[in-house]
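One structure is given here, and the rest of the page talks about it.
Just so you know, all these numbers are worked out from the coordinates, no wet-lab data involved. What you see is a predicted model; the values in this text were computed from it and never measured. Virtual Cβ from ideal backbone geometry, glycine too; neighbours counted across all protein chains shown.
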Amino acid sequence: MSRQSLYRRYRPRRFSEVRGQDHLVTTLRNAVVEDRVGHAYLFSGPRGTGKTTTARILAKALNCTNLSDGEPCGECDSCVTIGEGRSFDVIELDAASHRGIDDVKKIVDGASQSTPGRHRVYILDEAHQLTKEASNALLKTLEEPPEHVVFILATTDPVKLLPTIRSRTQHFEVHLLTNAELRSMVDDVVEDAGLEVDTETRNWAVRAGAGSARDTLSALERAAALGGIPDALTGVEDLVDAFAAHDTVAALNLIEGAVRSGRGPADIGNDLIAHLRLVFLTAMGVPPTDTPTDTAARVNEQVGTMGRRGVTHALEVLGTALVGIDRAADPRVTLELAVMRITQPDTDTSPAALLARIERLEHLLANGGAPTAPAKPASVPTPPAANAAPTVATAPPEAPEHEVRPEPADVPPPATAPSAGGGNGAADAARRALADRRRPTGADTETTTAPKRPAARPAATPATPVASTEPAPAPAAQVPSAAPEIDDPATSDPGGAVATNLTTDTATAAWSRLVTSATNQKIRARLGSARVANVDGATIVVALPNSRALERAEEVRPQMHEALVAEFGSGVSVEFRVDATVATPPEQRPGDRVQPPPDELAPEEDIEDVHALDDANIAPTDDLERIAAVFPGTELVDIEPESAP
């Protein structure tokens, strides 16, 4: 006789042996004792939780000749033949392979025939895969079967079943088992089977099972045959440590080792998401109660280093990558790109990534530390002093002047350099480097509690800009629709101070850049002819050509004031004045409509009868006028959205 696997060998044969489903087995056993068994049942739940096993136990109880308190004896001819799968009283079908209408017709025809035992039980596994035609053909018999017939449907996706089928059955949901229940089952199996498995391997089997009894026993059998935990499955926590340390090289080496050991990119990503979920729940203050002690300690440490934003960002990036990883030309590249975006947040400009970077800086400042840059590969030379220009292999992306750029930190090289071919040697070296980085040493010990937001900082003296031989180009700013959140003491002061660099020249440059790069078309239209006249203390005086332009400019004053506050500080103000000698038309670009001089612009109220004016014979100068000239009768409509903010 061939040797059976553990999950078949230790499959429950009585109601009392079913673990974690008391609500189901108690109801069924009472129904058998009181002879109130229904004609149709529906068991739904995740895989490996006992749906089909419970259905077989119910079939035994309905036909057992030595029934005792609702429990089958397991020794009579009926129980033995049902357990061996050769009973005429139990018809078990896999709806995944018998899903057509012809298969259901055979069930309907056989239901009316007699049976050797008291009841004929039909067990349909994965019933949600029946076709619509087959489900409709089963409806009538399922609703009013012969008295000796009982239907038991098992499925992992009850939503896909027709509502008319669900309404004709007694529906029971089968739950995932807790870690405590799985650990008790593993201990019993190890003791009864005489397996030599240590505590760490048992805990790993429980985690690998993820609530499924069958998956847990399969993992236990694999570990027992190997003599320990598979190496490919031990790097998930190390990968999360690499995420927290922003060590891209270590993370990629760990993925290399897992892939070479036989793990697929999708499996690695799913394991990462499962572990990051534990970190996320712990960071939110609701850690799973059944997490093993050693895993819980590691998770708490990762919460302190990653923070809530970092964990959320990692989950979002991995989740997006796994959606299309099966359709990717090279799934491994998709996973590696996701890992790069997690470990190098500077390359990701999404709002979630930016918030994660800000929270990491706040956490460091709250604990009295200095902002540090993500860990660099061992091949990168040690950065020079803070007052010298850093020299790196590739130029980092340019950032706005008001951005807080973290200083690079000294990162010790790995204990063993990665081999040229990557492989498990590189993965082992990455694990050792991460273990050295996580090991507390004296004053460098970091807290493992969840990050807290720092208290409000007092007003700081604006930092004096450091002269640079190569000035960085000013980034294209946009006029925000709401007041931006400025958290840089070098550019703003909660107390109302203005940056020291507010001069007529800087105000003129900032004004021109903010107007020309504004995404709001109304701002460009209202302030196109405005010019900065001078700076009076903290007030920027802006000149406009006439009173009509002044009225139109007042409509967008709040947006421009917010943009100038973001540029020079909360104490700055803007004042509009009419001064035709200062305000000049903007520089003409090819294709722009020619504007008359400011002194020729007459207010609309000075024109009594616009119909008495003669149109000037001016050739079309832009694309719209050329189109109107080609198509006579075309009416040009002002494209300016009057309702824009």
remark   = Computed on Cα atoms, Rg of region 6-173 relative to 2.2 N^0.38 Å comes out at 0.97
query = Fewest to most neighbouring Cβ within 10 Å: what's the order for E191, E181, E126, E173?
reply = E191, E173, E181, E126
inquiry  = Roughly how far apart, in whole Å, are the Cα centres of region 134-193 and region 53-97?
reply    = 15 Å
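Using a 10 Å cut-off around each Cβ, can you sort T131, T52, T305 from fewest to most neighbouring Cβ atoms?
Values: T131 14, T52 18, T305 22.
In increasing order of surrounding Cβ atoms, one gets T131, T52, T305.
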ask   = Counting only residues 5 or more places away or on other chains, whose amide H sits under 5 Å from the amide H of L544 once H atoms are built in the peptide plane?
value = R577, V578, D579
inquiry  = Using DSSP to call loops (not H, G, I, E or B), can you name the GluC sites (Glu not before Pro) in region 1-87 whose Cβ has at most 13 other Cβ atoms within 10 angstrom?
reply    = E34, E75
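Mind checking the full-extension length gain between L337 and S97? Use 0.36 nm per residue of separation minus the Cα-Cα distance, one decimal, nm. Walk me through the intermediate numbers first.
On the way: separation 240, 0.36 × 240 = 86.40 nm, distance 3.90 nm.
Full extension of this stretch gives 82.5 nm more.
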remark   = When D436, D241, D428 are ranked with the fewest other C-beta atoms within 10 Å first, the list becomes D436, D428, D241
Rh (Kirkwood; distinct C-alpha pairs) - region 179-226, Å = 10.1 Å
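At a Förster radius of 45 Å, what calculated FRET efficiency corresponds to the Cβ-Cβ distance of L162 and E191, to the nearest 0.05?
Numbers: r = 46 Å, r/R0 = 1.01.
E between L162 and E191, to the nearest 0.05, is 0.50.
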key: Fully extended contour minus Cα-Cα distance, from D294 to L281, at 0.36 nm per residue   = 3.0 nm
note = Taking r as the C-beta separation of S350 and T506 and R0 as 25 Å, the FRET efficiency to the nearest 0.05 is 0.20
request  = Just report the Cα centroid separation between region 7-26 and region 232-270, whole Å.
outcome  = 37 Å
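Quick one: if you take sqrt(5λ) for each eigenvalue of the C-alpha gyration tensor of region 89-172, what semi-axes come out, biggest first, whole angstrom?
Numbers: eigenvalues 76, 36, 29 Å².
That gives 19, 13, 12 Å for the three semi-axes.
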ask   = Over region 179-226, what is the mean sequence separation of C-alpha contacts under 8 Å (at least six apart), divided by residue count, expressed as relative contact order in percent?
value = 39 percent
